[in-house]
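Engineer: One structure follows; several queries about it will come next.
Here, each number is a calculation from the coordinates, and none is a lab measurement. Everything quoted here is computed from the prediction, not taken from an experiment. Using ideal geometry, Cβ is built from the backbone for each residue, glycine included, and neighbour counts are taken over all protein chains shown.
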Amino acid sequence: RLETLQVSDNQLSSLPDGIKNFTNLKKLYAGRNELEQLPEEIGALQKLVDMYIPSNNLKELPATITRLENLENLKLQVNYLEKLPSDFGKLSNLKNLVLDDNFISELPESISELKQLENLELRFNSLETLPKNFGDLQSLEKLVLGGNRKNKRPVKSTEDSIRPERSFNEIKYLPKSFERLANLKVLDLEYMWSLEEDSLFNILFNLKSKKYLLNLNGAGIETLPEEGWSNFYANRLSLNGNVLENIPAKIVNAPYLSSLSFRLDRDDGLSYNFKNKQELLAYYEEKGFIDFKELPKNTEMAKAYLENAYNRKYVKDKKNILDIMNKAFLLDSTYTAKNIRKDEYADANLEAGNYNKAITYYTKAIQQDTASNIKFINSIVPQFENRSKAYLAIGDTLSAIKDLEIVSEQ
């Protein structure tokens with residue numbers, strides 16, 4: 001009558017042949033042991049739904065594993081598997097398959113028969129291709145082929161002090177059938193350097209899935225296509241870890257894109273991370289992709305402009321930041337006046353030579369930062385110092401000296 005067997009975190013080198021007698025077993029957990037193989041008799045567990053055997057020393061799977069027709073969740077990450085049984089597709093109810101950190105060089109063609117498969121994770125294997133009919137996996141919602149290099153070395157094993165370092169998959173081309181995947185929510189191609197850019201984006205611009213997350217971090221992307229963005233249906237695109245030459249103007253045509261992160265090859269070395277559609281629109285307007293008149297005049301847009309300005313505070317040219325902040329006032333003057341970082345707005349005006357406005361906002365910043373606590377705060381010192389510079393610039397030497405005197409006393 002046993003339904004659940006939990007033997008993880010032991011030093012088991014094998015499972016007994018008698019496991020075949022557990023005919024009502026639904027869940028088997030045997031992770032982080034020293035298993036080198038599974039018994040052939042495991043195929044008798046016809047009611048098994050969950051099988052989790054990660055972090056062992058499995059080199060192959062018994063042929064009888066494909067008899068587990070009720071199996072829904074199979075996790076075999078951090079093992080030594082080089083291949084799957086050729087008839088793996090017989091696991092017709094499989095929904096979740098995790099095979100990270102193995103040595104699998106190819107997937108059987110039959111894997112495309114897993115019509116219920118929703119999650120497939122294959123980080124750190126040795127794949128060079130995907131099966132021709134991979135697009136038949138119409139229930140697939142999450143596909144992970146890449147992985148962060150920081151996590152490249154798996155956990156320690158009880159068999160050896162340190163497991164061998166895994167490889168990155170070296171897939172160059174996704175199969176044409178990949179375009180038919182219509183239900184993806186996550187497509188993770190992180191650090192997939194070998195992907196051929198033109199072919200990849202040709203697939204992406206024909207992919208049927210909509211509103212999915214696309215992770216291309218560290219994938220060696222240098223240029224983005226100029227055309228085709230009206231057929232790009234991801235809503236989140238992450239390009240961190242790449243150094244792009246530019247962002248194409250027609251990316252504004254991507255119908256669902258609302259989150260974009262990237263880095264440009266420019267002197268300031270700034271990383272951009274736009275978390276919503278409004279921040280993206282602000283960037284598009286700054287680049288001249290759209291006209292300011294086309295933007296909705298509301299609080300969310302004003303907030304987005306302020307965020308974009310703050311993200312650029314380390315850029316040497318503060319005049320550009322000032323322009324972004326001033327546009328926030330045009331979008332929603334009430335919200336901006338209340339929420340703008342007064343010291344940073346003052347800094348930008350000082351840089352631009354708008355000394356009177358700089359003085360006004362340094363004064364507001366000082367009043368705001370000292371209102372709740374009369375104790376002098378170190379962060380306020382620059383506000384006095386910079387206000388003194390603005391006073392000197394307009395010829396008010398006495399006010400400048402007074403500010404420096406306050407700083408000196410404190």
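Engineer: In the Gaussian network model of the chain, springs joining C-alpha atoms below 10 Å, which of Ser209, Ser258, Ser13 carries the largest mean-square fluctuation?
Structural biologist: Ser13
Engineer: Continuing with the same structure: Can you tell me the relative contact order of segment 1-145? Whole percent, Cα pairs under 8 Å, sequence separation 6 or more.
Structural biologist: So the answer I get is 15 percent.
Engineer: When the helix-only estimate is applied to the chain (DSSP H runs of n ≥ 4, each -39,500 (n - 2.57), divided by the residue count), what is the mean residue ellipticity at 222 nm, nearest 500 deg cm²/dmol?
Structural biologist: Helices in the chain give a 222 nm mean residue ellipticity of -8000 deg cm²/dmol.
Engineer: For the chain, build the charge dipole from Cβ charges (+1 Lys, Arg; -1 Asp, Glu) around the Cα centre, then report which of Tyr52, Asn70, Leu398 sits farthest towards its positive end.
Structural biologist: Of Tyr52, Asn70, Leu398, it is Leu398.
Engineer: What FRET efficiency would be calculated for the residue pair Ser86, Glu36, taking the C-beta separation as r and a Förster radius of 25 Å, to the nearest 0.05?
Structural biologist: Efficiency, from the Cβ-Cβ distance: 0.70.
Engineer: Tell me the label only: which of (i) 24.0; (ii) 25.4; (iii) 26.3 is Kirkwood radius over Cα pairs in Å as calculated from this structure?
Structural biologist: After the calculation, the listed value that fits is (ii).
Engineer: Given Lys47/Lys185; Lys132/Lys185; Lys277/Lys357; Lys20/Lys90; Lys303/Lys389, which pairs have Cα atoms separated by over 26 Å?
Structural biologist: Lys47/Lys185; Lys277/Lys357; Lys303/Lys389
Engineer: Quick check: net charge around Glu385, other residues with Cβ under 13 Å of its Cβ, Lys/Arg +1 and Asp/Glu -1?
Structural biologist: -1
Engineer: With labels modelled as points extended 7 Å from the Cα through the Cβ direction, what inter-label distance (nm, one decimal) is found for Glu222 paired with Ser333?
Structural biologist: My value for the distance between the label points is 4.9 nm.
Engineer: Would you work out the charge dipole size for segment 49-102 about its Cα centre, treating the Cβ of every Lys and Arg as +1 and the Cβ of every Asp and Glu as -1, and quote it to the nearest 20 debye?
Structural biologist: Dipole size: approximately 80 debye.
Engineer: For Lys250, what is the net charge nearby, where nearby means another residue's Cβ is under 11 Å from its Cβ and Lys, Arg count +1, Asp, Glu -1?
Structural biologist: Computed value for this residue: -2.
Engineer: Do you know the relative contact order of the chain, to the nearest whole percent, from alpha carbon pairs under 8 angstrom that are 6+ apart?
Structural biologist: Normalised by residue count, the contact order of the chain is 6 percent.
Engineer: Each residue of segment 223-231 in order: what ³J(HN,Hα) in whole Hz does its phi give by Karplus 6.51 cos²θ - 1.76 cosθ + 1.60, θ = phi - 60°, with x for Gly and Pro?
Structural biologist: So the J values, rounded to whole Hz, are 10, 9, x, 7, 10, x, 6, 5, 9.
Engineer: Additional query: Would you work out the charge dipole size for segment 1-159 about its Cα centre, treating the Cβ of every Lys and Arg as +1 and the Cβ of every Asp and Glu as -1, and quote it to the nearest 20 debye?
Structural biologist: 460 debye
Engineer: Any idea what the dipole of the chain comes to, in debye rounded to 20, about its Cα centre with Lys/Arg Cβ at +1 and Asp/Glu Cβ at -1?
Structural biologist: Roughly 1140 debye, rounded to the nearest 20.
Engineer: From the phi of every residue in segment 290-299, what ³J(HN,Hα) in whole Hz does the Karplus formula 6.51 cos²θ - 1.76 cosθ + 1.60 yield, where θ is phi - 60° and glycine or proline is x?
Structural biologist: Rounded to whole hertz, the list is 9, 8, 4, 5, 7, 6, x, 8, 8, 4.
Engineer: Which aspartates and glutamates does Lys210 reach when only Cα atoms under 18 Å apart count, and residues fewer than 8 places away in its own chain are ignored?
Structural biologist: Straight-distance partners of Lys210: Glu118, Asp136, Glu141, Glu179, Asp188.
Engineer: If you take every residue apart from Glu41 with its C-beta less than 14 Å away from the C-beta of Glu41, what net charge results, scoring Lys and Arg +1 and Asp and Glu -1?
Structural biologist: Spelling it out: positives minus negatives among the neighbours equals 0.
Engineer: Still on this structure: Given 0.36 nm per residue, what is the gain on full extension from Lys176 to Asn356 after removing their alpha carbon distance, in nm?
Structural biologist: Additional length available on full extension: 58.6 nm.
Engineer: Expressed as a rounded percentage, what relative contact order does segment 167-252 have, with Cα pairs under 8 Å and six or more residues apart?
Structural biologist: 28 percent
Engineer: Also: What does the C-alpha gyration tensor say about the overall shape of segment 271-370? Classify as rounded when a/c is under 1.5, otherwise prolate if a/b is larger than b/c, or oblate.
Structural biologist: Verdict is prolate for segment 271-370.
Engineer: Still on this model: Positive end of the dipole of the chain, charges at C-beta (+1 Lys, Arg; -1 Asp, Glu), about the Cα centre: which of Ile221, Pro131, Asn206 has its Cα farthest in that direction?
Structural biologist: The listed residue farthest towards the positive side: Asn206.
Engineer: May I ask you to derive the FRET efficiency for Lys47 and Leu213 from their Cβ-Cβ distance with R0 = 45 Å, giving the value to the nearest 0.05?
Structural biologist: Rounded to the nearest 0.05, the efficiency is 0.80.
Engineer: Determine ³J(HN,Hα), in whole Hz, for all residues of segment 36-51 in sequence, where each value follows from phi through the Karplus function 6.51 cos²θ - 1.76 cosθ + 1.60 and θ = phi - 60°; x replaces Gly and Pro.
Structural biologist: 9, 7, 9, x, 4, 5, 5, x, 7, 7, 5, 9, 5, 10, 10, 10
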